[in-house]
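The next block holds one structure in the form of C-alpha coordinates; read it before the comments.
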Amino acid sequence: MVVARLNRGRLTIVDRMRETVRLGAGVATHGKITAVSTKRALACLRRFGRRLRELEVQSVRVVGTNALRVARNSRTFLEQAQRILGHPVEIVSGAEEARLIYAGVARTHAQDDAHTLVVDIGGGSTEVIVGRGLEPLELESLPLGCVSLSERFFGDGRIDARRMKQACTVARLELEPVRATFRRRGWELAFGSSGTVRALAEAIRELDPQARAVTRDGLEQVLRRAVAAGHVEALDLRCIDAERRPIVPGGIAILAAVLDALRIDELHVAEAAMREGLLHDMVGRANGEDLRERTVRDLQQRHRVDTVHAMRVENTAAGLLAQVRTAWRLEDPGVELLLRWAARLHEIGRDVARTDHHRHGAYLLAHGDMPGFSWGEQRLLACLVGSLGPAPEPSMLEALLPPWDRHAPRLAVLLRLALLINRDRGEASSPDIALTARQRTLTLTAAGLEDQPLLTAALEHERKALEAWPVRLSIEAARPRPAARSARDKRRAERQVE
(Lines give C-alpha, C1' and ligand atoms only; values in the text may rest on other atoms or scores of the structure.)
Protein backbone atom coordinates (compact mmCIF):
# COMPACT_ATOMS: atom_id res chain seq x y z
CA MET A 1 0.00 0.00 0.00
CA VAL A 2 1.24 3.49 -0.77
CA VAL A 3 -0.28 6.78 0.39
CA ALA A 4 0.64 10.11 -1.17
CA ARG A 5 -0.29 13.77 -0.86
CA LEU A 6 -0.92 15.86 -3.97
CA ASN A 7 0.42 19.39 -3.64
CA ARG A 8 0.58 21.76 -6.61
CA GLY A 9 0.61 18.91 -9.08
CA ARG A 10 3.37 16.95 -7.32
CA LEU A 11 3.00 13.70 -5.38
CA THR A 12 4.71 13.34 -2.02
CA ILE A 13 4.76 9.86 -0.49
CA VAL A 14 3.26 9.94 3.00
CA ASP A 15 3.34 6.26 3.92
CA ARG A 16 4.15 2.82 2.53
CA MET A 17 3.15 -0.60 3.83
CA ARG A 18 4.19 -3.89 2.26
CA GLU A 19 3.35 -7.45 3.29
CA THR A 20 3.82 -10.79 1.54
CA VAL A 21 0.47 -12.61 1.63
CA ARG A 22 0.74 -15.05 -1.33
CA LEU A 23 -2.95 -14.75 -2.17
CA GLY A 24 -2.41 -16.93 -5.24
CA ALA A 25 -1.04 -19.88 -3.27
CA GLY A 26 -3.05 -22.92 -4.33
CA VAL A 27 -4.90 -21.15 -7.15
CA ALA A 28 -2.85 -22.79 -9.90
CA THR A 29 -3.48 -26.23 -8.37
CA HIS A 30 -7.06 -25.98 -7.13
CA GLY A 31 -8.44 -22.99 -9.03
CA LYS A 32 -9.49 -21.35 -5.77
CA ILE A 33 -8.08 -19.00 -3.18
CA THR A 34 -7.45 -21.18 -0.14
CA ALA A 35 -8.87 -20.52 3.31
CA VAL A 36 -5.35 -19.99 4.67
CA SER A 37 -4.50 -17.43 1.96
CA THR A 38 -7.84 -15.69 2.48
CA LYS A 39 -7.29 -15.39 6.23
CA ARG A 40 -3.76 -14.06 5.72
CA ALA A 41 -4.84 -11.53 3.08
CA LEU A 42 -7.87 -10.25 4.99
CA ALA A 43 -5.77 -9.76 8.12
CA CYS A 44 -3.38 -7.68 6.03
CA LEU A 45 -6.26 -5.63 4.61
CA ARG A 46 -7.56 -4.92 8.12
CA ARG A 47 -4.19 -3.42 9.01
CA PHE A 48 -4.18 -1.40 5.79
CA GLY A 49 -7.75 -0.26 6.43
CA ARG A 50 -6.91 0.97 9.93
CA ARG A 51 -3.98 2.94 8.56
CA LEU A 52 -6.13 4.52 5.83
CA ARG A 53 -8.66 5.64 8.43
CA GLU A 54 -5.91 7.08 10.63
CA LEU A 55 -4.60 9.14 7.71
CA GLU A 56 -8.14 10.23 6.68
CA VAL A 57 -7.40 9.45 3.04
CA GLN A 58 -9.83 11.11 0.61
CA SER A 59 -9.37 9.10 -2.58
CA VAL A 60 -8.64 5.37 -2.65
CA ARG A 61 -8.19 2.76 -5.38
CA VAL A 62 -7.78 -0.90 -4.49
CA VAL A 63 -6.57 -3.16 -7.28
CA GLY A 64 -6.40 -6.95 -7.57
CA THR A 65 -4.31 -8.82 -10.12
CA ASN A 66 -3.71 -12.38 -11.33
CA ALA A 67 -4.96 -14.41 -8.37
CA LEU A 68 -8.32 -12.62 -8.47
CA ARG A 69 -8.43 -12.88 -12.26
CA VAL A 70 -8.24 -16.68 -12.29
CA ALA A 71 -9.67 -17.88 -8.95
CA ARG A 72 -13.20 -19.28 -9.19
CA ASN A 73 -14.10 -17.99 -5.72
CA SER A 74 -12.76 -14.47 -6.17
CA ARG A 75 -16.24 -12.93 -5.76
CA THR A 76 -16.44 -14.12 -2.14
CA PHE A 77 -13.04 -12.65 -1.37
CA LEU A 78 -13.90 -9.36 -3.10
CA GLU A 79 -17.05 -8.93 -1.01
CA GLN A 80 -15.13 -9.58 2.22
CA ALA A 81 -12.33 -7.22 1.21
CA GLN A 82 -14.78 -4.44 0.36
CA ARG A 83 -16.50 -4.74 3.73
CA ILE A 84 -13.15 -4.47 5.51
CA LEU A 85 -11.76 -1.56 3.49
CA GLY A 86 -14.95 0.31 2.71
CA HIS A 87 -13.84 0.54 -0.92
CA PRO A 88 -14.47 -1.77 -3.90
CA VAL A 89 -11.61 -3.87 -5.26
CA GLU A 90 -10.94 -3.41 -8.98
CA ILE A 91 -9.59 -6.43 -10.84
CA VAL A 92 -7.37 -5.33 -13.71
CA SER A 93 -6.43 -7.32 -16.80
CA GLY A 94 -2.86 -8.43 -17.40
CA ALA A 95 -2.40 -5.73 -20.04
CA GLU A 96 -3.71 -3.04 -17.69
CA GLU A 97 -1.47 -4.33 -14.91
CA ALA A 98 1.51 -4.04 -17.27
CA ARG A 99 0.51 -0.49 -18.23
CA LEU A 100 0.24 0.60 -14.60
CA ILE A 101 3.59 -1.00 -13.74
CA TYR A 102 5.29 0.86 -16.57
CA ALA A 103 3.57 4.12 -15.58
CA GLY A 104 4.97 3.82 -12.06
CA VAL A 105 8.51 2.96 -13.15
CA ALA A 106 8.66 5.40 -16.06
CA ARG A 107 7.68 8.43 -13.98
CA THR A 108 10.39 7.57 -11.48
CA HIS A 109 13.26 6.28 -13.62
CA ALA A 110 12.70 6.66 -17.36
CA GLN A 111 14.43 9.31 -19.44
CA ASP A 112 12.52 11.31 -22.05
CA ASP A 113 13.97 9.76 -25.20
CA ALA A 114 15.36 6.52 -23.82
CA HIS A 115 13.75 3.17 -24.55
CA THR A 116 13.15 1.44 -21.22
CA LEU A 117 12.50 -2.23 -20.43
CA VAL A 118 10.54 -3.10 -17.29
CA VAL A 119 10.13 -6.62 -15.87
CA ASP A 120 7.78 -7.36 -12.98
CA ILE A 121 7.59 -10.90 -11.55
CA GLY A 122 4.41 -11.32 -9.56
CA GLY A 123 2.89 -14.26 -7.77
CA GLY A 124 0.85 -15.51 -10.73
CA SER A 125 2.02 -13.49 -13.73
CA THR A 126 5.07 -11.78 -15.15
CA GLU A 127 4.75 -8.47 -16.97
CA VAL A 128 7.28 -7.35 -19.58
CA ILE A 129 7.07 -3.85 -21.05
CA VAL A 130 9.17 -1.72 -23.38
CA GLY A 131 8.40 1.97 -23.66
CA ARG A 132 9.84 5.30 -24.60
CA GLY A 133 9.60 8.03 -22.02
CA LEU A 134 6.16 7.71 -20.42
CA GLU A 135 4.57 5.82 -23.33
CA PRO A 136 4.52 1.99 -23.36
CA LEU A 137 5.26 0.60 -26.83
CA GLU A 138 5.03 -3.16 -26.22
CA LEU A 139 3.56 -4.89 -23.21
CA GLU A 140 2.84 -8.50 -22.31
CA SER A 141 1.43 -10.26 -19.27
CA LEU A 142 2.56 -13.88 -19.12
CA PRO A 143 0.83 -16.57 -16.99
CA LEU A 144 4.06 -17.19 -15.14
CA GLY A 145 4.50 -16.26 -11.48
CA CYS A 146 6.89 -17.07 -8.66
CA VAL A 147 4.11 -18.52 -6.49
CA SER A 148 2.58 -20.74 -9.19
CA LEU A 149 5.95 -21.94 -10.53
CA SER A 150 7.28 -22.64 -7.02
CA GLU A 151 4.17 -24.68 -6.20
CA ARG A 152 4.52 -26.64 -9.43
CA PHE A 153 8.20 -27.60 -9.14
CA PHE A 154 9.17 -26.92 -5.51
CA GLY A 155 5.91 -27.48 -3.68
CA ASP A 156 7.48 -29.76 -1.07
CA GLY A 157 10.29 -27.28 -0.47
CA ARG A 158 13.01 -29.42 -2.05
CA ILE A 159 15.35 -27.77 -4.57
CA ASP A 160 17.62 -29.70 -6.91
CA ALA A 161 19.29 -29.10 -10.27
CA ARG A 162 16.76 -31.19 -12.22
CA ARG A 163 13.74 -29.32 -10.87
CA MET A 164 15.41 -25.96 -11.38
CA LYS A 165 16.23 -26.83 -14.99
CA GLN A 166 12.63 -27.90 -15.62
CA ALA A 167 11.30 -24.69 -14.08
CA CYS A 168 13.66 -22.57 -16.19
CA THR A 169 12.57 -24.44 -19.32
CA VAL A 170 8.88 -23.81 -18.63
CA ALA A 171 9.63 -20.12 -18.10
CA ARG A 172 11.58 -19.95 -21.37
CA LEU A 173 8.69 -21.58 -23.22
CA GLU A 174 6.33 -18.83 -22.03
CA LEU A 175 8.80 -16.14 -23.08
CA GLU A 176 9.60 -17.61 -26.49
CA PRO A 177 6.58 -16.19 -28.42
CA VAL A 178 7.32 -12.61 -27.28
CA ARG A 179 11.12 -12.69 -27.15
CA ALA A 180 11.72 -11.51 -30.73
CA THR A 181 9.22 -8.64 -30.43
CA PHE A 182 10.97 -7.16 -27.43
CA ARG A 183 14.43 -7.78 -28.82
CA ARG A 184 13.51 -5.86 -31.99
CA ARG A 185 12.36 -2.89 -29.93
CA GLY A 186 15.58 -2.73 -27.97
CA TRP A 187 16.23 -0.58 -24.88
CA GLU A 188 18.88 1.52 -23.21
CA LEU A 189 17.65 1.04 -19.63
CA ALA A 190 16.30 -2.09 -17.93
CA PHE A 191 14.48 -2.24 -14.59
CA GLY A 192 12.93 -4.91 -12.41
CA SER A 193 10.07 -3.62 -10.28
CA SER A 194 8.78 -6.49 -8.16
CA GLY A 195 9.50 -7.73 -4.66
CA THR A 196 11.00 -10.84 -6.22
CA VAL A 197 13.53 -8.84 -8.25
CA ARG A 198 14.31 -6.69 -5.22
CA ALA A 199 14.90 -9.74 -3.00
CA LEU A 200 17.11 -11.46 -5.57
CA ALA A 201 19.11 -8.26 -6.14
CA GLU A 202 19.76 -8.13 -2.39
CA ALA A 203 20.81 -11.80 -2.47
CA ILE A 204 23.28 -11.04 -5.26
CA ARG A 205 24.74 -8.16 -3.22
CA GLU A 206 24.96 -10.40 -0.17
CA LEU A 207 27.14 -12.80 -2.16
CA ASP A 208 28.99 -10.02 -3.99
CA PRO A 209 28.96 -6.66 -2.16
CA GLN A 210 30.37 -4.95 -5.27
CA ALA A 211 27.32 -5.84 -7.40
CA ARG A 212 25.24 -2.84 -8.49
CA ALA A 213 22.63 -4.59 -10.63
CA VAL A 214 21.13 -7.99 -11.38
CA THR A 215 23.28 -9.84 -13.92
CA ARG A 216 23.21 -13.36 -15.30
CA ASP A 217 26.45 -14.23 -13.50
CA GLY A 218 25.21 -12.80 -10.23
CA LEU A 219 21.89 -14.64 -10.45
CA GLU A 220 23.72 -17.86 -11.34
CA GLN A 221 25.52 -17.65 -7.99
CA VAL A 222 22.19 -17.32 -6.17
CA LEU A 223 20.77 -20.24 -8.18
CA ARG A 224 23.71 -22.46 -7.23
CA ARG A 225 23.37 -21.46 -3.58
CA ALA A 226 19.68 -22.42 -3.65
CA VAL A 227 20.38 -25.80 -5.28
CA ALA A 228 23.20 -26.48 -2.82
CA ALA A 229 20.85 -25.73 0.09
CA GLY A 230 18.54 -28.50 -1.14
CA HIS A 231 15.49 -27.09 0.64
CA VAL A 232 13.87 -23.68 0.98
CA GLU A 233 14.20 -23.81 4.76
CA ALA A 234 17.94 -24.42 4.46
CA LEU A 235 18.52 -21.44 2.16
CA ASP A 236 21.17 -19.46 4.05
CA LEU A 237 20.69 -15.97 2.65
CA ARG A 238 19.99 -13.38 5.34
CA CYS A 239 18.10 -11.08 2.97
CA ILE A 240 15.48 -13.75 2.15
CA ASP A 241 12.99 -13.80 5.01
CA ALA A 242 10.88 -16.78 6.04
CA GLU A 243 7.76 -15.45 4.29
CA ARG A 244 9.51 -15.24 0.91
CA ARG A 245 11.59 -18.45 0.99
CA PRO A 246 8.85 -20.79 -0.33
CA ILE A 247 8.50 -18.72 -3.53
CA VAL A 248 12.16 -17.89 -4.13
CA PRO A 249 12.98 -20.95 -6.32
CA GLY A 250 10.25 -20.06 -8.81
CA GLY A 251 11.38 -16.44 -8.82
CA ILE A 252 14.97 -17.47 -9.54
CA ALA A 253 13.85 -19.65 -12.47
CA ILE A 254 11.69 -16.91 -14.01
CA LEU A 255 14.30 -14.18 -13.64
CA ALA A 256 17.02 -16.44 -15.06
CA ALA A 257 14.80 -17.20 -18.06
CA VAL A 258 14.01 -13.50 -18.59
CA LEU A 259 17.67 -12.46 -18.46
CA ASP A 260 18.63 -15.26 -20.84
CA ALA A 261 15.74 -14.94 -23.33
CA LEU A 262 15.95 -11.15 -23.63
CA ARG A 263 19.76 -11.05 -23.29
CA ILE A 264 19.65 -8.50 -20.51
CA ASP A 265 23.13 -7.56 -19.34
CA GLU A 266 22.09 -5.49 -16.31
CA LEU A 267 18.70 -5.21 -14.62
CA HIS A 268 18.42 -2.38 -12.10
CA VAL A 269 15.96 -2.41 -9.24
CA ALA A 270 13.11 0.10 -9.55
CA GLU A 271 11.69 1.56 -6.38
CA ALA A 272 8.34 2.29 -8.02
CA ALA A 273 5.88 -0.18 -9.52
CA MET A 274 2.14 -0.62 -10.04
CA ARG A 275 1.12 1.20 -6.86
CA GLU A 276 2.90 4.36 -7.98
CA GLY A 277 1.38 3.90 -11.43
CA LEU A 278 -2.05 3.88 -9.81
CA LEU A 279 -1.26 7.11 -7.98
CA HIS A 280 -0.34 8.88 -11.21
CA ASP A 281 -3.45 7.44 -12.86
CA MET A 282 -5.58 8.89 -10.06
CA VAL A 283 -3.91 12.29 -10.45
CA GLY A 284 -4.66 12.19 -14.18
CA ARG A 285 -8.33 11.47 -13.53
CA ALA A 286 -8.55 14.27 -10.98
CA ASN A 287 -6.99 16.70 -13.48
CA GLY A 288 -9.32 15.81 -16.34
CA GLU A 289 -6.79 13.56 -18.09
CA ASP A 290 -8.65 10.28 -17.75
CA LEU A 291 -7.06 7.66 -20.02
CA ARG A 292 -10.42 5.94 -20.29
CA GLU A 293 -11.77 8.90 -22.27
CA ARG A 294 -9.03 8.44 -24.85
CA THR A 295 -9.71 4.71 -24.98
CA VAL A 296 -13.40 5.32 -25.70
CA ARG A 297 -12.58 7.83 -28.45
CA ASP A 298 -10.12 5.38 -30.02
CA LEU A 299 -12.75 2.62 -30.01
CA GLN A 300 -15.31 4.92 -31.61
CA GLN A 301 -12.88 5.82 -34.36
CA ARG A 302 -11.64 2.28 -34.90
CA HIS A 303 -15.17 0.88 -35.22
CA ARG A 304 -16.59 3.80 -37.23
CA VAL A 305 -19.25 4.78 -34.73
CA ASP A 306 -21.86 7.40 -35.68
CA THR A 307 -20.66 9.84 -33.02
CA VAL A 308 -23.51 12.33 -33.54
CA HIS A 309 -26.12 9.68 -32.81
CA ALA A 310 -24.03 8.29 -29.95
CA MET A 311 -23.88 11.75 -28.37
CA ARG A 312 -27.67 12.12 -28.56
CA VAL A 313 -28.12 8.75 -26.85
CA GLU A 314 -25.50 9.70 -24.25
CA ASN A 315 -27.16 13.02 -23.39
CA THR A 316 -30.58 11.40 -23.17
CA ALA A 317 -29.27 8.62 -20.90
CA ALA A 318 -27.57 11.17 -18.65
CA GLY A 319 -30.80 13.16 -18.44
CA LEU A 320 -32.78 10.07 -17.46
CA LEU A 321 -30.16 9.17 -14.85
CA ALA A 322 -30.47 12.64 -13.31
CA GLN A 323 -34.16 11.94 -12.60
CA VAL A 324 -33.55 8.71 -10.68
CA ARG A 325 -30.03 9.20 -9.31
CA THR A 326 -31.11 9.77 -5.71
CA ALA A 327 -33.92 7.21 -5.57
CA TRP A 328 -31.66 4.47 -6.94
CA ARG A 329 -28.55 5.60 -5.03
CA LEU A 330 -26.50 6.17 -8.15
CA GLU A 331 -24.77 9.33 -6.90
CA ASP A 332 -21.24 8.00 -7.49
CA PRO A 333 -19.81 10.05 -10.41
CA GLY A 334 -18.27 6.87 -11.81
CA VAL A 335 -21.76 5.51 -12.47
CA GLU A 336 -22.65 8.36 -14.82
CA LEU A 337 -19.29 8.10 -16.58
CA LEU A 338 -19.80 4.43 -17.35
CA LEU A 339 -23.37 4.99 -18.54
CA ARG A 340 -22.12 7.74 -20.85
CA TRP A 341 -19.32 5.53 -22.20
CA ALA A 342 -21.76 2.68 -22.80
CA ALA A 343 -23.93 5.08 -24.80
CA ARG A 344 -20.97 6.23 -26.88
CA LEU A 345 -19.95 2.64 -27.61
CA HIS A 346 -23.34 0.98 -27.97
CA GLU A 347 -22.95 0.55 -31.74
CA ILE A 348 -19.33 -0.62 -32.04
CA GLY A 349 -20.60 -4.12 -32.84
CA ARG A 350 -22.10 -2.84 -36.12
CA ASP A 351 -18.55 -2.73 -37.45
CA VAL A 352 -18.53 -6.54 -37.16
CA ALA A 353 -22.07 -7.24 -38.35
CA ARG A 354 -25.38 -5.40 -38.19
CA THR A 355 -27.22 -8.55 -37.16
CA ASP A 356 -26.97 -9.03 -33.38
CA HIS A 357 -24.55 -6.12 -33.22
CA HIS A 358 -25.25 -5.76 -29.50
CA ARG A 359 -23.70 -9.20 -28.95
CA HIS A 360 -20.64 -8.35 -31.04
CA GLY A 361 -20.23 -5.07 -29.18
CA ALA A 362 -20.49 -6.81 -25.82
CA TYR A 363 -17.79 -9.29 -26.84
CA LEU A 364 -15.43 -6.53 -27.97
CA LEU A 365 -15.90 -4.65 -24.70
CA ALA A 366 -15.54 -7.71 -22.49
CA HIS A 367 -12.43 -9.15 -24.13
CA GLY A 368 -10.56 -6.25 -25.73
CA ASP A 369 -7.60 -4.40 -24.26
CA MET A 370 -9.03 -1.14 -22.90
CA PRO A 371 -6.29 0.96 -21.27
CA GLY A 372 -7.45 2.60 -18.05
CA PHE A 373 -10.44 0.31 -17.49
CA SER A 374 -10.69 -2.39 -14.84
CA TRP A 375 -12.19 -5.80 -15.55
CA GLY A 376 -15.30 -4.86 -13.60
CA GLU A 377 -15.79 -1.70 -15.66
CA GLN A 378 -15.29 -3.57 -18.93
CA ARG A 379 -17.78 -6.23 -17.90
CA LEU A 380 -20.32 -3.57 -16.96
CA LEU A 381 -19.93 -1.86 -20.35
CA ALA A 382 -20.27 -5.25 -22.05
CA CYS A 383 -23.40 -6.01 -20.04
CA LEU A 384 -25.02 -2.66 -20.83
CA VAL A 385 -24.32 -2.94 -24.55
CA GLY A 386 -25.27 -6.62 -24.57
CA SER A 387 -28.60 -5.78 -22.94
CA LEU A 388 -29.70 -3.78 -25.99
CA GLY A 389 -31.10 -6.78 -27.85
CA PRO A 390 -34.83 -7.46 -28.26
CA ALA A 391 -35.08 -8.58 -24.62
CA PRO A 392 -32.19 -8.44 -22.13
CA GLU A 393 -31.14 -11.77 -20.64
CA PRO A 394 -30.78 -11.79 -16.83
CA SER A 395 -28.00 -14.40 -17.13
CA MET A 396 -25.61 -11.72 -18.42
CA LEU A 397 -25.63 -10.15 -14.95
CA GLU A 398 -23.91 -13.19 -13.44
CA ALA A 399 -20.46 -12.17 -14.73
CA LEU A 400 -20.53 -8.78 -13.00
CA LEU A 401 -18.45 -7.92 -9.95
CA PRO A 402 -19.47 -5.73 -6.99
CA PRO A 403 -20.63 -2.97 -6.99
CA TRP A 404 -21.61 -3.10 -10.67
CA ASP A 405 -23.80 -6.18 -10.20
CA ARG A 406 -26.22 -3.97 -8.22
CA HIS A 407 -26.18 -1.04 -10.64
CA ALA A 408 -26.29 -2.84 -13.99
CA PRO A 409 -30.02 -3.77 -14.14
CA ARG A 410 -31.01 -0.14 -13.57
CA LEU A 411 -28.43 1.39 -15.89
CA ALA A 412 -29.42 -1.06 -18.63
CA VAL A 413 -33.04 0.11 -18.48
CA LEU A 414 -31.96 3.76 -18.71
CA LEU A 415 -29.73 3.02 -21.71
CA ARG A 416 -32.48 1.07 -23.46
CA LEU A 417 -34.92 3.94 -22.94
CA ALA A 418 -32.37 6.46 -24.23
CA LEU A 419 -31.96 4.36 -27.36
CA LEU A 420 -35.73 4.03 -27.76
CA ILE A 421 -36.24 7.79 -27.45
CA ASN A 422 -33.63 8.36 -30.16
CA ARG A 423 -34.79 5.52 -32.41
CA ASP A 424 -35.38 7.96 -35.30
CA ARG A 425 -31.71 9.06 -35.03
CA GLY A 426 -32.58 12.69 -34.39
CA GLU A 427 -35.18 13.47 -37.05
CA ALA A 428 -37.91 14.31 -34.52
CA SER A 429 -37.90 16.18 -31.23
CA SER A 430 -37.53 14.10 -28.08
CA PRO A 431 -40.75 13.40 -26.15
CA ASP A 432 -41.37 14.93 -22.74
CA ILE A 433 -40.70 12.02 -20.36
CA ALA A 434 -40.60 11.90 -16.56
CA LEU A 435 -39.32 8.96 -14.51
CA THR A 436 -40.20 7.81 -11.01
CA ALA A 437 -37.97 5.09 -9.56
CA ARG A 438 -38.65 2.51 -6.89
CA GLN A 439 -36.56 -0.48 -5.86
CA ARG A 440 -37.50 -2.76 -8.76
CA THR A 441 -39.86 -0.60 -10.79
CA LEU A 442 -39.40 2.37 -13.08
CA THR A 443 -42.53 4.36 -13.87
CA LEU A 444 -42.39 6.36 -17.08
CA THR A 445 -44.84 9.21 -17.59
CA ALA A 446 -45.06 10.75 -21.06
CA ALA A 447 -47.20 13.59 -22.34
CA GLY A 448 -49.34 13.27 -25.46
CA LEU A 449 -49.02 9.51 -25.91
CA GLU A 450 -52.44 9.44 -27.58
CA ASP A 451 -50.99 11.58 -30.38
CA GLN A 452 -47.82 9.49 -30.76
CA PRO A 453 -48.85 5.95 -31.75
CA LEU A 454 -45.32 4.87 -32.71
CA LEU A 455 -43.87 5.96 -29.36
CA THR A 456 -46.77 4.32 -27.53
CA ALA A 457 -46.21 1.04 -29.37
CA ALA A 458 -42.44 1.18 -28.76
CA LEU A 459 -42.90 1.79 -25.04
CA GLU A 460 -45.40 -1.05 -24.73
CA HIS A 461 -42.99 -3.35 -26.55
CA GLU A 462 -40.24 -2.27 -24.14
CA ARG A 463 -42.46 -2.92 -21.13
CA LYS A 464 -43.00 -6.50 -22.29
CA ALA A 465 -39.30 -6.97 -23.12
CA LEU A 466 -38.38 -6.13 -19.51
CA GLU A 467 -40.84 -8.52 -17.87
CA ALA A 468 -38.06 -11.02 -17.01
CA TRP A 469 -35.52 -8.30 -16.12
CA PRO A 470 -34.85 -7.39 -12.45
CA VAL A 471 -36.26 -3.89 -13.09
CA ARG A 472 -39.80 -3.65 -14.49
CA LEU A 473 -41.14 -0.77 -16.56
CA SER A 474 -44.52 0.86 -15.93
CA ILE A 475 -45.97 3.38 -18.40
CA GLU A 476 -48.44 6.15 -17.60
CA ALA A 477 -49.88 8.95 -19.71
CA ALA A 478 -49.33 12.41 -18.28
CA ARG A 479 -52.47 14.22 -17.20
CA PRO A 480 -53.16 17.29 -19.33
CA ARG A 481 -52.40 20.52 -17.54
CA PRO A 482 -55.33 22.93 -17.01
CA ALA A 483 -55.29 25.80 -19.46
CA ALA A 484 -53.88 29.03 -18.06
CA ARG A 485 -56.54 31.70 -17.43
CA SER A 486 -56.20 35.09 -19.02
CA ALA A 487 -55.99 38.28 -16.96
CA ARG A 488 -59.55 39.21 -18.08
CA ASP A 489 -60.90 35.87 -16.82
CA LYS A 490 -59.15 36.39 -13.48
CA ARG A 491 -60.70 39.88 -13.03
CA ARG A 492 -64.14 38.55 -13.96
CA ALA A 493 -63.82 35.76 -11.40
CA GLU A 494 -62.74 38.24 -8.72
CA ARG A 495 -65.80 40.49 -9.40
CA GLN A 496 -68.10 37.46 -9.11
CA VAL A 497 -66.61 36.65 -5.70
CA GLU A 498 -67.17 40.24 -4.53
Checklist entry - Any idea which of 148, 141 is at pLDDT below 95 and either among the polar types (S, T, N, Q) or outside the structural domain of residue 244 (by TED's automatic domain parsing) (or both)? => result 148
Checklist entry - Yes or no: residue 249 more than 29 Å from the chain's Cα centre (by Cα), over 30 Å from residue 369 (Cβ atoms) and exposed (fewer than 13 other Cβ atoms within 10 Å of the Cβ)? => result no
Checklist entry - If you go through segment 359-376 one residue at a time, do you hit one that is surrounded by fewer than 20 Cβ atoms within 10 Å (Cβ to Cβ), among the aliphatic types (A, V, I, L, M) and in contact with a Lys or Arg (Cβ under 8 Å, 6 or more places away or on another chain)? => result yes
Item to check | Lone qualifier among 339, 299, 330 - being assigned to a helix (DSSP H, G or I), in contact (Cβ under 8 Å) with a residue 40 or more places away in the chain and under 24 Å from residue 403 (Cα atoms) | outcome: 339
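Residue by residue, here is whether (1) at pLDDT 95 or above; (2) more than 29 Å from the chain's Cα centre (by Cα) holds:
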residue	(1), (2)
162	yes, yes
166	yes, yes
171	yes, no
177	yes, no
194	no, no
212	no, yes
215	yes, yes
220	yes, yes
224	yes, yes
Item to check | Subset of segment 180-232 (residues that are within 17 Å of residue 247 (Cβ to Cβ), part of a helix (DSSP H, G or I) and of a type in the set (Ser, Thr, Tyr)) | outcome: 196
Next on the checklist: Can you list the helices (runs of 4 or more DSSP H) lying wholly within segment 59-176 that have 2 or more residues being of a type in the set (Ser, Thr, Tyr) and under 25 Å from residue 49 (Cα atoms)?
Outcome noted: 74-85
Item to check | Filter result for residue 451 (out of contact with any helix residue (DSSP H, G or I) (no Cβ under 7 Å at 6 or more places or on another chain), surrounded by fewer than 18 Cβ atoms within 10 Å (Cβ to Cβ), farther than 16 Å from residue 474 by Cα and assigned by TED's automatic domain parsing to the domain that holds residue 341) | outcome: no
Next on the checklist: Just to verify a result, which residue in segment 6-34, among those that are at pLDDT below 80 and outside any loop (DSSP other than H, G, I, E, B), is farthest from residue 64 (Cα to Cα)?
Outcome noted: 29
Checklist entry - Looking only at residues in segment 342-356 that are basic (Lys, Arg) and assigned to a helix (DSSP H, G or I), which one is farthest from residue 294 (Cα to Cα)? => result 350
Checklist entry - So residue 308 fits all but one of (1) touching a helix residue (DSSP H, G or I) at 6+ places or on another chain (Cβ under 9 Å); (2) part of a helix (DSSP H, G or I); (3) not polar (S, T, N, Q); what number is the exception? => result (1)
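Residue-wise test of (1) free of Cβ contacts under 8 Å to residues at least 60 places away in the same chain; (2) crowded, with 18+ Cβ neighbours inside 10 Å.
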residue: 2; (1), (2): no, yes
residue: 7; (1), (2): yes, no
residue: 10; (1), (2): yes, no
residue: 16; (1), (2): yes, no
residue: 34; (1), (2): yes, yes
residue: 73; (1), (2): yes, no
Item to check | Qualifying positions in segment 105-134 - modelled with pLDDT of 95 or more and aliphatic (A, V, I, L, M) | outcome: 117, 118, 119, 121, 128, 129, 130
Checklist outcome for this item: Of the candidates 293, 289, 243, the one satisfying the condition of being assigned to a loop (DSSP other than H, G, I, E, B), on the phi < 0 side of the Ramachandran plot, under 25 Å from the mean Cα position of the chain (by Cα) and not hydrophobic (A, V, I, L, M, F, W, C) is 289
Checklist entry - Can you tell me which of 100, 134 is within 17 Å of residue 279 (Cβ to Cβ), surrounded by fewer than 23 Cβ atoms within 10 Å (Cβ to Cβ) and in the same structural domain as residue 190 (by TED's automatic domain parsing)? => result 134
Item to check | segment 183-201, subset of a type outside the set (D, E, K, R) and in contact with an Asp or Glu (Cβ under 6 Å, 6 or more places away or on another chain), residue surrounded by the fewest Cβ atoms within 10 Å (Cβ to Cβ) | outcome: 194
Next on the checklist: For a quick check of your reading of the model, give me the residue pairs whose first member lies in segment 231-246 and is within 12 Å of residue 146 (Cβ to Cβ), whose second is of a type in the set (S, T, N, Q) and modelled with pLDDT under 90, with beta-carbon atoms closer than 8 Å and at least 6 apart or on different chains.
Outcome noted: 244/20
Checklist entry - Do the conditions hold for residue 425, that is, is it surrounded by fewer than 13 Cβ atoms within 10 Å (Cβ to Cβ), in the same structural domain as residue 354 (by TED's automatic domain parsing) and of a type in the set (D, E, K, R)? => result yes
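Condition check: among the acidic types (Asp, Glu), at negative phi and in the same structural domain as residue 423 (by TED's automatic domain parsing). Does residue 298 satisfy that?
In short, yes.
The values are calculated or read from the model by the stated rules, or taken from the named source; none is laboratory data. Keep in mind that what you see is a predicted model, and the values were worked out from it rather than measured. Heads up, the Cβs are rebuilt from the backbone with ideal geometry, glycines too, and the neighbour counts pull from every protein chain shown.
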